[in-house]
Amino acid sequence: MSSSLSVSSQLNKVLRSHYLSLPQGGLCLVTYVWIDGSGESLRSKTRTLESEPSSTEDIPEWNFDGSSTNQAGTSGSDMILVPARIFRDPFTLDPNKLVLCEVLKHNRKPADTNHRHVCKKIMEKVKDFHPWFGIEQEYTLLGIDGHPYAWPSNGYPKPQGPYYCGVGADRAYGRDIVECHYKACIYAGIKICGANAEVKPSQWEFQVGPCEGIEVGDHLWMARFLLHRVCEDFGVIATLDPKPIPGNWNGAGCHTNFSTEATRAEGGFEHIEKIIEKLRAHHVQHIRVSDPHGGQDNQRRLTGFNETSSIHEFSAAVADRGVSIRIPLQVGRDKRGYLEDRRPAANCDPYAVTSAIAQTSLMEEEEEDVLNDLDINDLD
């Protein structure tokens, strides 16, 4: 067995399928999924319900030990799981469910990494703009030894060039994982809309959306959970590190596409330009929410090279992948559509990123003054 694959992935999957096919007697397995204290990693645990839930209202709140997830000390360690969005379970199949949860402290205040709580309030405030988001999630496949999957054990593969959307055993590493993840997302009900091999070998991307408001964060987080879970079966790791390989290799982003009813309508380009100027004025704040560590991770990625802008400068242009905000070529021609924020890192919290974009773009300054608890500076 290759040392790059996990031991658990070598367990007998045929034997496993026998037990998964056993009848459940009308019971339902519900797996609760939540974001832990890192703001990046996901945790989960499963319980039995007497019947299949039709909505989150049918799923009871639960709790977990926050002292074991970096979310609480030993005292007051009980954290509360509040079901937020329900999905089908592609691993144990119908009628079983996955439920994405918000995390509350024992006093029912939002956990420090619960950015969904704020995002929900902001999206409610701007709902009349009908904000749509589409997110492009890049990731890199690693062996459990931390070395990029299928890279030579000593040295490097051929330079970047043939890998982006590439086909062939010498160009596409790990396609089985990508295709299984895609089908798992569709089964679960996630709005996945595409996938492709990326510029760096063993780097891939999937896209989620378009979704309105908070929905995109819910769907992306569950898509990430499915990715890690599929990789677990294959014995490899999917890392969202923004720059897992230093040097002249592309980093990994979470490009966020954004539009409103006005930008999508005839003459929408004028509204796009106004949004870009608002984003320009708040560049520093948006860098702070571009990764879970206040932009520190993104410093390794946003260098101005390898299809990125400089972290220190705001820029925007049509059909340019070396800028902060890219206007797609077709949008420039149609004079309406959406913009792409290329700054968010692969490990960003989509709730924080979309909250910041919506607040900066759509909320008036006087609203921001009133809604102090929704300030994007509190989201990092």
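What to note about this one:
- Our summary gives the chain a relative contact order of 16 percent, counting only alpha carbon pairs under 8 angstrom and 6 or more residues apart.
- Summarising the amide proton neighbourhood of Ala319: residues at separation of 5 or more, or on other chains, whose placed amide H is nearer than 5 Å comprise Ile327, Leu329.
- Within the stretch 81-107, backbone nitrogen closer than 12 Å to the virtual label 7 Å beyond the Cα of Lys45 toward Cβ: 81
- Sulfur and carbon atoms: percent of accessible area, the stretch 25-113 [1.4 Å]: 44
- Amide H partners (placed H, <5 Å) of Tyr173, local residues excluded: Ser202
- Hull shadow area, averaged, the stretch 235-363 [alpha-carbon convex hull, nm²]: 8.3
- Protein heavy-atom accessible surface, 1.4 Å probe, per residue over the stretch 25-113: 47 Å².
- Distance from the stretch 15-79 to the stretch 139-191 (C-alpha centre basis), Å: 29
- Expected 222 nm ellipticity per residue - DSSP helices of 4 or more, -39500 (n - 2.57), all of the chain, to 500: -8000 deg cm²/dmol
- Karplus-derived 3J(HN,Hα) values for the stretch 39-54, using 6.51 cos²θ - 1.76 cosθ + 1.60 with θ = phi - 60°, are x, 10, 8, 10, 10, 7, 7, 10, 9, 9, 10, 6, 8, 6, x, 9 Hz; glycine and proline are entered as x.
- Estimated FRET transfer efficiency when R0 is 56 angstrom, pair Leu5-Lys335 (beta carbons, to 0.05): 0.65
- The Cα atoms of the stretch 73-217 cover 53, 43, 32 Å along the three principal axes, with the biggest extent listed first.
- For the stretch 95-137 versus the stretch 276-303, the inter-centroid distance based on Cα atoms is 21 Å.
- Taken about its Cα centre, the stretch 25-113 carries a charge dipole of about 140 debye when Lys and Arg each add +1 at the Cβ and Asp and Glu each add -1 at the Cβ.
- Here the Kirkwood formula, the inverse mean of 1/r across different C-alpha pairs, assigns the chain a hydrodynamic radius of 21.8 Å.
- Arg175 versus Leu27: modelled label distance in nm, points set 7 Å from Cα along the beta carbon direction: 4.2
- Candidates Asn248, Asn96, Asn63: whichever shows maximal mean-square fluctuation once the chain is modelled as a Gaussian network with Cα springs under 10 Å: Asn248
- Non-local Lys pairs in the stretch 96-156, i.e. 8 or more apart or on different chains, that have alpha carbons under 26 Å apart: 9
- Between Glu307 and Asp128, full extension at 0.36 nm per residue minus the direct alpha carbon distance yields a gain of 61.0 nm.
- A simple rule links phi to the HN-Hα coupling: the Karplus curve 6.51 cos²θ - 1.76 cosθ + 1.60 with θ = phi - 60°, which for the stretch 86-103 gives 10, 9, 6, 9, x, 9, 9, 6, 4, x, 6, 10, 10, 10, 7, 10, 7, 10 Hz, with x for Gly and Pro.
- Directionally averaged projected area (convex hull, Cα atoms, the stretch 54-126), nm²: 6.1
The values are calculated or read from the model by the stated rules, or taken from the named source; none is laboratory data. Note that this is a predicted model, so its numbers are computed, not measured. Neighbour counts run over all protein chains shown; Cβ positions are idealised from the backbone, glycine included. Note: accessible area is taken over every heavy atom of the protein model, side chains too, but ligands, DNA and RNA are not part of it. Shrake-Rupley method; radii C 1.70, N 1.55, O 1.52, S 1.80 Å.
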